[in-house]
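Only the coordinates and a few stated rules stand behind these numbers; no lab work does. Just so it is clear, the structure is predicted and the values come from calculations on it, not from any experiment. Ideal geometry is used to build each Cβ from the backbone, glycine not excepted, and the neighbour counts take in all protein chains shown.
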Amino acid sequence: MRRIWPLTVRGTGALVLAFACFILAGELGVVELMYIGMLLLAVLASGLVSLYLVRRSDRVSRSLSPDIVSVGRDSVVTARVGVRTALPTPPGIWRDTVPKGLSGKAHGVFPALGSGLRAGERVIELEYEVRGMRRGVHAIGPLTVTSTDPFGLAHRTTVFGERTTVTVAPAVTDLPPLTNFAGEAGGTLHTTTNQLGQGADNLVARPYMPGDSMRRIHWRASAHQGSLMVRQEEQESTPEATVVIDRSVLRWSIEALQAPGTDPGFEAAVATAVSVLTRLTHDGYSVEIIDSDGTELAERIDGGDMTEVEGVVNQFATLTAQRDDHLHRLPRVFSGVMTGPVVLIVGRFDPADAATIAPVAHHSTMPILFAVAPVGDALDRAVDLGWHAAAITPVSDLVAAWSAVGERGVSHALG
């Protein structure tokens, strides 16, 4: 905050003393007190002149390492302040403004500077650490530098208005491989399938025909052509997996619709989605991540392509909930196809929802369900219908939940 009064406590005391000298000089007839008062005012004026009447140009830029901050992870911020001043300046105090989505101690001593008449602009580097606290896009700044004159009588606060945008990505938990499923679900074993709709996008998209699965719609090609297009593939050996996150605001709080990082339950779901995506891609699956109505939330990722995974994680920094409830559409997304692992992540989940998604389990070699807010015996009913289910919360151990669904064995699906 910019201070209006330009004098320090010492300077204010000197100003009061100067006026007291003037008054006493008149009352007592002591001329020396008049000289002392004038000297104090001269010193105060020189301090103010050294701070306010000497023009200086300032600029600030920031860089982060790493440049993307994850929730719960640290990043080093380097602020480079360019300063040009005609007169030497004493040390000061700097403070950078850290938004609520980050935490960190962004303050310290600003070094003293000599005259810059011949040296020109100098760059001062200030470093501090920040930790990601809330997913989203946040802005660091402004930076303030408070300087005092050599006598400590006056101060000046300079505000560097430049702000730096920082992306806080969801936290990624290192999950163990589901070894119990290796023989059935593929992974790095690369089991071969020749069913229509399986495999990678190695051929051009073709027009949609009645009976084609909605899951195979190629949204990018459809937007380009102006009509529905589906992927047409030939026999492939790349195993597939699908991560589904249900974003209906009816299953979360209204805050999840308004801004990222505000609903703890939705944050747990997003963190689970990117963690599972990372694990499955690392294990060699070709992974799609979709909404419960089949809408792609990111481009399909080939097995082992961890660079693309990092891009999706960063993209999910701004993911929010949506208004419509589409969980009942999920069985149609997988209608007519047989696929590998399907990991469904939902918020509120009741027994009726378990019956709604029951058909999906019969089209996957590894149907996994994570519910943030299960109601009653909904998870038990889902398990009876073929799912491997577990509850997750903002404070639960995701590794334990992931391992628990793996220890329950494989659901042997039949067309």
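Table for the structure above
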| quantity | calculated |
| --- | --- |
| In degrees, nearest ten, helix 306-315 long axis to first principal axis of the chain (Cα) | 60 |
| Listed residues ILE345, VAL43, HIS107: farthest to the positive end of the dipole of the chain (Cβ charges) | VAL43 |
| DSSP beta bridges in the chain [antiparallel fraction, %, rounded to 5] | 65 |
| Which labelled figure in [x] 191; [y] 131; [z] 144 is volume of the Cα convex hull per residue in Å³, once derived from the coordinates | [x] |
| Global form of the range 56-169, assessed from the alpha-carbon gyration tensor, a/c cut-off 1.5 | prolate |
| Crossing angle, helix 264-282 versus the chain [Cα axis fit, 0-90 degrees, rounded to tens] | 60 |
| Surrounding net charge for PHE316, when Lys and Arg each add one and Asp and Glu each subtract one, Cβ distance under 14 Å | -3 |
| Cβ-based exposure ranking for ASP302, ASP174, in which fewest neighbours within 10 Å come first | ASP174, ASP302 |
| Protection-proxy order for peptides 322-328, 43-49, each taking the mean of Cβ atoms within 10 Å per residue, highest first | 43-49, 322-328 |
| Shape of the range 270-370, Cα gyration tensor, a/c cut at 1.5 | oblate |
| Cβ-based exposure ranking for MET338, MET38, in which fewest neighbours within 10 Å come first | MET38, MET338 |
| Dipole-positive endmost among ALA400, GLY294, VAL76 within the chain (Cβ charges, Cα centre) | VAL76 |
| Cα centre as origin, Lys/Arg/Asp/Glu Cβ charges: the range 315-415 dipole, Debye | 280 |
| Summed side-chain charge close to GLY132 - residues other than GLY132 whose Cβ falls under 13 Å, Lys, Arg +1, Asp, Glu -1 | +1 |
| Peptides ranked, highest mean first, by Cβ atoms within 10 Å: ranges 266-279, 64-77 | 266-279, 64-77 |
| Footprinting exposure proxy for TYR208, TYR35, TYR285 (fewest neighbouring C-beta atoms within 10 Å first) | TYR35, TYR208, TYR285 |
